[in-house]
Amino acid sequence: MRPFCYARPNSLSEALSLLAEHGPDARLLAGGTDVLVRLRLGHMRPAIVVDLKHIGALRSDVVETDGCLRIGARAVMTDIIADGRIQRHFPALVEAATVVGSVQIRNRATLAGNICNASPAADTAPVLLVHGATVNLIGSAGPRRVPLHEFFIGPGQTVLGPSELVGSIDLPFSSDVSGAAFGRVTRRRGVDLATINLCCLVTGSGNVRFAFGAVGPRPFVVEDDTGALIGRSGRASQDAALDRLLAHATPISDVRANRDYRVAMLSVMSRRALDAATGRLHRAQAGA
Amino acid sequence: MVPAAIPIALTVNSRRCALDVRPHHTLLEALRDQMGLTGTKECCSEGECGAGSVLLDGRAVTSYLVLAVEADGAEIVPIEGLAAGGRLDALQQAFIDTGAVQCGFCIPGMIMSAKDLLMTTPHPTVEDIQAGLAGNLCRCGGYSRIIDAVASAAGSDC
C-alpha cells in the first residue's frame, strides 16, 4: 500500500475540520472492507485516512426514535442482522445484510459504508430504498437529511459534500401493514457480488414498490399504486404493470453477466420477490 | 514526506504488546513481520480467501483488511493463540483427527472462522458451517473433511 497519514478524531468537529483542511486528499474509514481494497489497488490515493471509529457521536447501535429505527454510522452488518427490531420490522434488510461478503467482512463492514461506497450492486441499497430510508448527513455547514433515492448519483458517487459525512440512516416504520422481500442472483452460492439484486415491498392498500440494483448506474426505486401488481385486475394487467416497472432498468454487460441475462433474471426474480413479499404481507395481516 | 510510525498497544494471545506501526501497514503485516506470528496467511488481500482471519475483540476479521493502527487497544487472537497449556484447541485437534489438513495454507483461517461460528452457533448444522466458512477458500478442495472437522469439534467441545 502507498503510504498515507492516519488520524483518529474523537469528535465530529475534529473530523470535520480534518475534512475541511485536507479536502479531497482525505478519505473516511469506518469498517475498511472496501477502503482497504481500494487503497491497496491504488484506486484511492489519499494523503490522510480519517478513522471514524473513535467518534462517540457516531453510534455503533440501532436506536428507536421518531417513528423509525436509526442505524448509527458505525453499526456493522453482524449487529444489524442480530437486532431483534430489525428482524421484526425489516426482515428483508436482514436477508440483504446476510449476503454482504463473508462473516469476516460482516463483522467489520458498516451499513453506512455500504451506502457511501455507492456501488450499483450494493446489497442493502434496494431494501433501504423500498422502505424510504433517509440519510442523516453531518457537515461543517450543519446537518441535513437526504432521502436515500436522492443520495446516490452514479457508480461510487453520492451527494456527500467534501466536508460531510453520514451520521446515521433512518428506517421509518410503515404506517400501513406491509411485507418486503429481498432477492439476488450471483454466479456462485457463497461470497459474491450481485449480478442483480432487488427488493419488493407490498402494502396492505395494494401499493407495490420495487428497488433494483446492478441494473443501472445506481440503485433505484419504482412504484405502482394501481393495485394491478397484487392481481386485482387479473394476470395480464399484472404482467403489464410489472413490465412497466422493469422498463426502468438499464443493465450493462460486464464480467458478471450480459445485459440480456440481467433483463431476463430481473423479471424472474421480481415475480419471486413479489410473491415472497405478498406472503409476508398476508402473514402480517393475519397476525395483526 | 513519509508518515511517521504510530505507537499502538494491543493484546495478542493474552499478552500486552507495544508496537510502532506505519499507518499504511495492515494488522497482518504487524503480526507476521513485526511479531513473527506467521500462522496467519496473506493471499488475496481482498477479503475473498479468508486466509488472514484472526479474532479481533472476539470476532473473526480478515487481518489484511484492518490497518495495524486500527487494532490499537484491541484484543487479537491469531491461530497461535488457540492452544493453551500445551493442549490444542478442540478445533485444531478435530482438524488433525479428521484429516482435514492437506497443504495446510488455508487451515489457520478456516479454524479462526470456525471459532467465530462456534462462539455464536455452538451446535451448527452443516448449512451453518458452510455459511460460516463461506469466506474461506481451500485450493486443495478439501471442504468436506473441513466441514466434518468443525462438526466434530462442535460435538466434542460446545
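Can you put B:115, A:53, B:41 in order of Cβ neighbours within 10 angstrom, beginning with the fewest?
Numbers: B:115 25, A:53 15, B:41 21.
Lowest to highest Cβ neighbour count: A:53, B:41, B:115.
Taking the Cα centre as origin and putting +1 on Lys and Arg beta-carbons and -1 on Asp and Glu beta-carbons, what dipole magnitude results for segment B:90-157, to the nearest 20 debye?
Working: 3 positive and 6 negative charges, 46 e Å.
Dipole size: approximately 220 debye.
In terms of modelled amide H atoms, which long-range or inter-chain residues lie less than 5 Å from the amide H of residue A:28?
Amide H to amide H, under 5 Å and 5 or more residues apart or across chains, residue A:28 pairs with A:50.
Which whole number gives the average, over all residues in A:103-114, of C-beta atoms from other chains lying within 10 Å of the residue C-beta?
Details: counts 16, 20, 8, 4, 11, 9, 2, 0, 0, 0, 0, 0.
Averaged over the peptide's residues, the number is 6.
Could you check which residue among B:56, B:19, B:117 shows the biggest mean-square fluctuation in a GNM of chain B with a 10 Å Cα cutoff?
B:19
Can you give the angle from 0 to 90° between the axis of helix B:107-120 and the longest principal axis of chain B, with both taken from C-alpha atoms, to the nearest 10?
Long axis of B:107-120 versus the principal axis of chain B: about 80 degrees.
For peptide A:48-57, compute the average count of partner chain beta-carbon atoms within 10 Å of each residue's beta-carbon.
Working: counts 2, 6, 0, 5, 0, 1, 3, 0, 0, 0.
The shielding value for this peptide is 2.
Using a 7 Å offset from the Cα along the Cα-to-Cβ direction at both residue B:11 and residue B:143, what is the distance between the two label points in nm, to one decimal?
Between residue B:11 and residue B:143, the simple spin-label model gives 3.6 nm.
Using alpha carbons only, what's the Rg to Rh ratio of segment A:5-51 with Rh from Kirkwood?
On the way: Rg = 10.5 Å, Rh = 10.8 Å.
Dividing the radius of gyration by the Kirkwood radius yields 0.97.
Multiply the residue separation of residue B:83 and residue B:121 by 0.36 nm, subtract the distance between their alpha-carbon atoms, and state the gained length in nm to one decimal. Before the final figure, lay out the partial values.
Details: separation 38, 0.36 × 38 = 13.68 nm, distance 2.09 nm.
Result for the pair: 11.6 nm of gain on full extension.
Under a crude label model (7 Å from the Cα following the beta-carbon direction), how far is residue A:176 from residue A:255 in nanometres?
Inter-label distance under the simple model: 4.2 nm.
Among A:166, A:42, A:128, whose Cα sits farthest toward the positive end of the charge dipole of segment A:26-181 (+1 at Cβ of Lys/Arg, -1 at Cβ of Asp/Glu, about the Cα centre)?
Of the options given, the answer is A:42.
Under a plain spin-label model, where a point goes 7 Å from the Cα along Cα-to-Cβ, how far apart in nm are residue A:267 and residue B:103?
For the pair residue A:267/residue B:103, the computed spacing is 4.4 nm.
Using 0.36 nm times the number of residues separating residue A:150 and residue A:98, minus their current alpha carbon distance, what extension gain do you get?
Details: separation 52, 0.36 × 52 = 18.72 nm, distance 2.51 nm.
So the chain would gain 16.2 nm between residue A:150 and residue A:98.
I want the local charge near residue A:108. Using Cβ-Cβ distances under 13 Å, sum +1 for each Lys or Arg and -1 for each Asp or Glu among the other residues.
-2
Where a ≥ b ≥ c are the square roots of the eigenvalues of the C-alpha gyration tensor, would you call chain B rounded, which needs a/c under 1.5, or, failing that, prolate if a/b is larger than b/c, or oblate?
Values: a/c = 2.19, a/b = 1.77, b/c = 1.24.
In terms of gyration-tensor shape, prolate.
Counting only helical runs of four or more DSSP H residues, what would the 222 nm mean residue ellipticity of the protein assembly as shown come to if each run contributes -39,500 (n - 2.57) and the total is spread over all its residues?
Details: 15 runs with 146 residues, N = 446.
About -9500 deg cm²/dmol.
For segment A:15-115, max minus min Cα coordinate along each principal axis, in Å, sorted largest first?
Ordered largest first, segment A:15-115 gives principal extents of 43, 30, 17 Å.
Among B:65, B:88, B:118, which one shows the biggest mean-square fluctuation in a GNM of chain B, springs joining Cα atoms closer than 10 Å?
Largest GNM mean-square fluctuation: B:88.
Please label the shape of segment A:131-288 as rounded, prolate or oblate, based on the square roots a ≥ b ≥ c of the eigenvalues of the alpha-carbon gyration tensor (a/c under 1.5 means rounded; beyond that, a/b larger than b/c means prolate, else oblate). Walk me through the numbers before you get to the answer.
Values: a/c = 1.99, a/b = 1.23, b/c = 1.61.
Oblate is the answer for segment A:131-288, as a/c is 1.5 or above yet b/c matches or exceeds a/b.
Above 34 Å lies some portion of the pair distances; for the protein assembly as shown, what is it as a whole percent of all C-alpha pairs? Please list the in-between numbers first.
Values: 36056 of 99235 pairs.
Summing the P(r) tail past 34 Å for the protein assembly as shown gives 36 percent.
Which of the listed residues, A:229, A:157, A:28, is farthest toward the dipole's positive end in the protein assembly as shown, when Lys, Arg count +1 and Asp, Glu count -1 at the beta-carbon?
Going by the Cα projections, it comes out as A:229.
Using the Cα centre of the protein assembly as shown as the reference point, and only Cβ charges (+1 on K/R, -1 on D/E), how large is the resulting charge dipole? Debye, rounded to the nearest 20. Let's see the in-between values first.
Values: 42 positive and 43 negative charges, 122 e Å.
The calculation lands at about 580 debye.
Please state the charge dipole magnitude for segment A:114-239, taken about the Cα centre, from unit charges on C-beta atoms (+1 on K and R, -1 on D and E), reported in debye and rounded to the nearest 20.
Numbers: 10 positive and 10 negative charges, 74 e Å.
The calculated dipole for segment A:114-239 is roughly 360 debye.
Laboratory data are not the source of any read-out in this text; all were calculated from the coordinates shown. Keep in mind the model is a prediction, meaning the values are calculated, not measured. Note that each Cβ is placed from the backbone with ideal geometry, even for glycine, and that neighbours are counted across all protein chains shown.
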